[in-house]
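The values are calculated or read from the model by the stated rules, or taken from the named source; none is laboratory data. Because the structure is a prediction, the values reported are computed rather than measured. Note: ideal-geometry Cβ built from the backbone for every residue, glycine included; neighbour counts use all protein chains shown. The accessibility values were calculated without ligands, DNA or RNA, using every heavy atom of the protein model including side chains. Shrake-Rupley method; radii C 1.70, N 1.55, O 1.52, S 1.80 Å.
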Amino acid sequence: MRSFKQEEAFTGLEAAIVLIAFVVVAAVFSYVMLGAGFFTSQKSQEVVHSSMAQASSSVEIVGNVVGLGNTPDHKSLTNVLFTISTTAGGSAYDVGDVLITYTDKGGQYIVNRSSSVDRKTGKITPDVPGAGNWSVEKILNGNDDTLVQRGEQFLINVSVPKSATAVSGDQFGIELKPAVGATLQLKKYVPTQVDNVTLLFE
């Protein structure tokens, strides 16, 4: 007599449960992958924006660069004055966090800020710098805080360090290094005849 092995039927309900399980697992996996993708995309955008901020300066020099001199031989500068303003579409620029350096054939010198800054209020007091210092000498079209904002102009006065060696015919440079953003560079030549007030050229 032949015997038959009985097997339980795979019901429609069980098939539905298995199918639902597959769908849930696939949905969770898709959610995780999408989340990782969005996170990566967001990080990439942050890196791009940060890189752009680091690579571009939000200020520029407007108008003439002027040199002052009162040395007996009329061959060296005592001060360099220039005006900065925000670029078109540029963000506010905080001069309170700027590091200024002066460079000539003798080396590079850090120029300290003489204009006092109240860190509580963000106010800056314009003044004329002493030897080897720099200051905000005047603020045009703006208030008295440290931010150079749209439409405002800051007159910067850099007093040439006493140990600087640039004389007539020599090139020198001044760099403004903000906490965030690219360095603003200024390169000029000391003119043959340095008067009390002299326009400087590249």
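Can you tell me which residue in segment 101-136 is farthest from THR165 (Cα to Cα), limited to those that are of a type in the set (D, E, K, R) and open to solvent by 60 Å² or more (accessible area, probe 1.4 Å)? Full working, then the answer.
Of the residues in segment 101-136, the ones of a type in the set (D, E, K, R) are 104-105, 113, 118-120, 123, 127.
Okay, now just the ones that are also open to solvent by 60 Å² or more (accessible area, probe 1.4 Å), so 105, 113, 118-120, 123.
Working: LYS105: 7, ARG113: 21, ASP118: 34, ARG119: 35, LYS120: 39, LYS123: 34 Å.
The extreme case among them is LYS120.
If you check GLN42, GLN54, which single one turns out to be closer than 30 Å to ASN143 by Cα, surrounded by fewer than 16 Cβ atoms within 10 Å (Cβ to Cβ) and modelled with pLDDT under 85? First the steps, then the outcome.
Values: GLN42 fails: closer than 30 Å to ASN143 by Cα.
None of the others qualify; the one that does is GLN54.
When segment 138-176 is examined, which residues are found to be modelled with pLDDT under 95 and acidic (Asp, Glu)?
ASP144, ASP145
So is VAL62 at pLDDT 95 or above, open to solvent by less than 50 Å² (accessible area, probe 1.4 Å), within 24 Å of THR192 (Cβ to Cβ) and part of a strand (DSSP E or B) or not?
no
Provide a single number: the residues in segment 147-169 that are out of contact with any Ser or Thr (no Cβ under 9 Å at 6 or more places or on another chain) and buried (at least 17 other Cβ atoms within 10 Å of the Cβ).
Looking only at that region, the number is 2.
Filter segment 66-99 down to the residues that are in a strand (DSSP E or B), among the β-branched types (Val, Ile, Thr) and either open to solvent by 10 Å² or more (accessible area, probe 1.4 Å) or over 22 Å from PRO191 (Cα atoms) (or both) and list them by number. Before the answer, list the steps.
Within segment 66-99, the subset in a strand (DSSP E or B) is 66-68, 79-86, 93-94, 99.
From the residues that got through so far, the ones that are among the β-branched types (Val, Ile, Thr) too are 66, 80, 83-84, 86.
Selection gives VAL66, THR83, ILE84, THR86.
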